[in-house]
Amino acid sequence: MKLSLFLVSTAGLWVAANANSVNNKQTKNDVCTHPFVDINGRCLFVNNFAQMDWDAARAFCAGFQGDLVTLDEANLLADIVDFIYKEGLTDRSYWIGGSAGAQTGAFVWPDGSLVRMGTPCWGVLDNIQRPGAEPNEKCIALNKDNFFFFDNFNCEGEISVICEYKFQRENRWAEGGCATMKSSAVFVFLAAALLGSDGATEAGSHVKTDVCTHPFVDINGRCLFVNNFAQMDWDAARDFCAGFQGDLVTLDEANLLADIVEFISKEGLTERSYWIGGSDRALEGEWTWTDGSSVRMGTPTWGANGQNQQPTGGSEENCVGLDNANFFFFNDFPCVTAMSLICELKL
Ligand SMILES: [Ca+2]
Ligand SMILES: [Ca+2]
Ligand SMILES: [Ca+2]
């Protein structure tokens, strides 16, 4: 009832939203041309011929009216790494736009915004997650010797380059009168405003809170129960979640992994590994979530150490957990292992 009211009331908005995305798309097609390609909605040039230091790489990208890529989303890293493998560009490491700021030493993107640290973007070598204690390594690269996870390199190193072309998306929003508003959050906000006297309080942002209640919490729009008290095998963990009308979490987005790991760290729940809903028990090597959909392989969700990337357990290890011994990256474990678990309530 409320849902249909919501849809009818927001129909106008969707038209507006579609018009905007068409505009953006046309603009993007006009400008995101060879050698730039569209990867996850961004206009990128993965240049594996050039080899230069980080400053020269920025200047190189500026020659294309761009800059080194602002790789500010784990989902974007997943798509870039897929592109690198698909196109056979795996013989080089690549500069991206992050570097240690002169004053604070914190890693920032070219626009000054902070680089998100930790899992899943930053790689692990010798059991140390990067950046480790390497004061002279102040520029960020995708490291070919560690499955293209982020690593800090000496800025003088000569490696390849990923440029991002800055088409005028921000200006376009400004023209539309939405200069400071981006993403779906805007539409939720606007929809709630539009509903107004039509019961906006119930139909707006409170809907999710009503159903995603303790011990479940909203993490990146998903309703999850990070249970670090229980310790049980994978099947028992599924049964446990079923008792809450849920199942083990379908952790199908790298961005969601980033937010879960942040939650685990913030809440001090780092002493356990956690079962999630992936397994290859039905067919060795075919990893699926509990709903039958495929588990995305590779960087940045599956852990790596320079030599190997998980899963490496063959037929001995058929269930996926977030490994507390490896910064909560995905790892395959024997399904009989007793560990903690993350349930998801499907709303
Ligand atoms: Ca390093
Ligand atoms: Ca297996
Ligand atoms: Ca393993």
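Annotations for the structure displayed:
- Filtering Asp79, Asp91 for residues that are closer than 21 Å to Leu257 by Cα and either surrounded by fewer than 22 Cβ atoms within 10 Å (Cβ to Cβ) or charged (D, E, K, R) (or both) leaves a single hit, Asp79.
- Selection within the range 309-322 - within 9 Å of ligand 3 (Cβ to nearest atom) and under 18 Å from Phe147 (Cα atoms): Gln310, Pro311, Thr312
- For the range 241-300, residues that are among the β-branched types (Val, Ile, Thr), surrounded by 20 or more Cβ atoms within 10 Å (Cβ to Cβ) and not in a helix (DSSP H, G or I) total 4.
- Filter pass, Phe333 being of a type in the set (Phe, Trp, Tyr), at pLDDT 95 or above and away from ligand 2 (no atom under 13 Å from the Cβ): no
- Tally, over the range 271-315, of residues that are within 19 Å of Val226 (Cα to Cα) and hydrophobic (A, V, I, L, M, F, W, C): 3
- Tally of residues being out of contact with any helix residue (DSSP H, G or I) (no Cβ under 7 Å at 6 or more places or on another chain) and outside any helix (DSSP H, G or I) across the range 76-90: 3
- Among the residues of the range 228-235, at least one is part of a loop (DSSP other than H, G, I, E, B), out of contact with any helix residue (DSSP H, G or I) (no Cβ under 9 Å at 6 or more places or on another chain) and modelled with pLDDT of 95 or more.
- Checked against (1) over 25 Å from Gly306 (Cβ atoms); (2) part of a helix (DSSP H, G or I), Phe45 passes all but a single condition, namely (2).
Condition check ((1) among the charged types (D, E, K, R); (2) more than 14 Å from Val320 (Cβ to Cβ); (3) in contact with a helix residue (DSSP H, G or I) (Cβ under 9 Å, 6 or more places away or on another chain); (4) not assigned by TED's automatic domain parsing to the domain that holds Glu317) across all residues:
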position: Val226; (1), (2), (3), (4): no, yes, yes, no
position: Cys241; (1), (2), (3), (4): no, yes, no, no
position: Ser265; (1), (2), (3), (4): no, yes, no, no
position: Ser273; (1), (2), (3), (4): no, no, yes, no
position: Gly277; (1), (2), (3), (4): no, no, yes, no
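- Figure legend. Inter-residue proximity from the range 215-244: first residues at positive phi, second residues of a type in the set (D, E, K, R), beta-carbon distance below 7 Å, spacing 6+ or different chains. Indicated pairs: Asn220/Asp259.
The values are calculated or read from the model by the stated rules, or taken from the named source; none is laboratory data. Since this is a predicted model, take the numbers as computed values, not measurements. All Cβ positions, glycine included, derive from the backbone under ideal geometry; neighbour counts span all protein chains shown.
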